[in-house]
Amino acid sequence: MVRPDRRAATRGQMFTLVTFGVTTVIAVFGVIATGTPIGVWGVVGVLCLLGFVLELLGLRAEIAFGPALAADDEHVWVRTGGFLRPASVRLDWSEVQGIALHTWHGRRKATARYLTFGLTDTVSKELSGALDGAQDRRMRRLAITFGSPIAISEQYKDTSLDETVRDLRSLAGEHVRFTKN
């Protein structure tokens with residue numbers, strides 16, 4: 001089971017939350033000083049308050065919606081997202097063709113590690129049709145980037161993806177390929 005690391009996730013979002021919170025307070029003082037709630041300070045305050053709420057909802061989705069991955073000898077459960085309520089997928093091992101550990105390289109030498117699941121063609125089609133539009137867009141982006149519609153990141157997790165791969169190897173059948181990219 002791969003669970004979120006609540007402390008690391010909270011620490012990771014703290015700067016953004018504090019920035020939005022302080023800016024909202026400054027905007028409130030600006031509204032009070034100018035006496036115009038619909039002016040520039042009011043707009044800034046509303047936007048910062050909205051950003052603060054969205055960051056809190058994102059943090060809640062990261063740490064409060066249960067494990068990102070769970071597996072036993074018959075099934076794999078992967079949390080595929082969800083912002084207001086969790087969304088997950090249950091896969092039989094026979095539906096999983098491969099598991100890959102990817103290192104994504106972004107701008108300015110940023111890297112992130114992801115664990116992806118290669119699925120049979122029929123499962124991929126059923127999966128993209130079963131989820132709502134926003135989730136489907138996210139899955140298309142993942143499929144383009146990693147070649148798989150399902151991926152979990154190592155960020156803010158209590159178990160490293162290397163340990164997870166070792167544990168999954170012992171549960172997966174002979175037909176599941178494990179790769180590193």
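A few comments on the model shown:
- Sorted largest first, extent of region 1-85 alpha carbons per principal axis (Å): 65, 21, 11
- Heavy atoms of residue 55: accessible area, 1.4 Å probe, square angstrom to 10: 50
- Take the Cα radius of gyration of region 62-123 and divide it by 2.2 N^0.38 Å, N being the number of residues; the result is 1.30.
- Against the criterion of solvent-accessible heavy-atom surface with a 1.4 angstrom probe, 111, 116, 103 sort, most first, into 111, 103, 116.
- The H on the amide N of residue 159, modeled in the peptide plane, is under 5 Å from the matching H of 3, each at least 5 residues off or on a different chain.
- Between residue 170 and residue 43, the simple spin-label model (points 7 angstrom out along Cα→Cβ) gives 5.9 nm.
- With DNA, RNA and ligands ignored, accessible area of residue 77 (1.4 Å probe; Å², nearest 10): 90
- Near residue 150, the amide H atoms lying under 5 Å from its own belong to 117; only residues 5 or more places off or on other chains count, and H is placed 1.01 Å from N.
- Summing +1 for each Lys or Arg and -1 for each Asp or Glu among the other residues whose beta-carbon sits under 11 angstrom from that of residue 5 gives +2.
- Apportionment of accessible area to carbon and sulfur, region 6-63, percent (1.4 Å): 78
The values are calculated or read from the model by the stated rules, or taken from the named source; none is laboratory data. Everything numeric here is computed off the predicted structure, so don't read it as measured data. Neighbour counts run over all protein chains shown; Cβ positions are idealised from the backbone, glycine included. Side chains are part of the model used for accessible areas, which takes the heavy atoms of the whole protein and leaves out ligands, DNA and RNA. Shrake-Rupley method; radii C 1.70, N 1.55, O 1.52, S 1.80 Å.
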